[in-house]
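Participant: To start, I am sharing the structure in question, which I have written as structure tokens.
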Amino acid sequence: MTAKSKVQTDDMLEVAIAYWIEAKNARDANDELRALHALIECWMHIGMTLSPKTESEAKSESGAKQGKPARDKIAAIATSMLSDMKVTARMADPTHLLGTIVDRMEEAPDHGELLAKYDKRATNGWASEDPLTDRLREKLMKWATDKRSPYPELAKAYRQALAQAERLKPPTTRNRSRSRQ
């Protein structure tokens, strides 16, 4: 059900001000009961303007939900690729690791439409200075490294691939054991 009329915050504040003026007039007339009732109405109308969710917050929330299916698919593809990929020592660099995933996603013919849809939603149709690969790599990095990751499977696959790459790195003089020197 939706309301047939829309009430603006300014309208509610005008009503609150009217009740406040009524309360002031009642106090000046030494009518405490009338002043109390007017103040109660005044605060009720002020409270209505302090809604826990504004219209712009509701729109922002619904906008975030609209792109969720595309983000979920991208995260699932990245998770699958991270799990199945042959890791090299150079992938110990997180930027290179996720950059490789994004490059492979772009090369796959069946992911082009999904990436285009994601890009359109992410940029809101505007031209961007940063290429899709950089923005998507940064987004995957955020999803994989945030403490409250929205995609825990992606974070787990990322950590495992990074750990594999670390094990493949040749020892340096800093991390070489004394027995090997």
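Participant: Mind counting the residues in the stretch 141-155 that are of a type in the set (Phe, Trp, Tyr) and outside any helix (DSSP H, G or I)?
Facilitator: Matching residues across the stretch 141-155 total 1.
Participant: Can you pull out every residue in the stretch 55-79 that is surrounded by 14 or more Cβ atoms within 10 Å (Cβ to Cβ) and at pLDDT 85 or above? Working first, answer last.
Facilitator: Step one: of the stretch 55-79, the residues surrounded by 14 or more Cβ atoms within 10 Å (Cβ to Cβ) are 67, 70-71, 73-75, 77-79.
Across the stretch 55-79, the qualifying residues are Lys73, Ile74, Ala75, Ile77, Ala78, Thr79.
Participant: Further question on the same structure: Is it fair to say Tyr158 is part of a helix (DSSP H, G or I), modelled with pLDDT under 85 and crowded, with 17+ Cβ neighbours inside 10 Å? Lay out the reasoning, then the answer.
Facilitator: Working: part of a helix (DSSP H, G or I): yes; modelled with pLDDT under 85: no; crowded, with 17+ Cβ neighbours inside 10 Å: yes.
Here the answer is no, as Tyr158 does not meet what is asked.
Participant: Which condition does Tyr19 not pass, out of (1) more than 30 Å from Leu114 (Cα to Cα); (2) surrounded by 12 or more Cβ atoms within 10 Å (Cβ to Cβ); (3) modelled with pLDDT under 75; (4) not polar (S, T, N, Q), if it passes all the others?
Facilitator: Failing condition for Tyr19: (3).
Participant: Please determine whether any residue of the stretch 121-132 is modelled with pLDDT of 90 or more, open to solvent by less than 40 Å² (accessible area, probe 1.4 Å) and not in a loop (DSSP other than H, G, I, E, B).
Facilitator: no
The values are calculated or read from the model by the stated rules, or taken from the named source; none is laboratory data. Treat the numbers as computed from the prediction; the structure is a model and nothing was measured. Methodologically, a virtual Cβ is constructed for each residue, glycine included, from the backbone with ideal geometry; neighbour enumeration extends over all protein chains shown. Heavy atoms of the whole protein, side chains included, go into the accessibility calculation; ligands, DNA and RNA do not. Shrake-Rupley method; radii C 1.70, N 1.55, O 1.52, S 1.80 Å.
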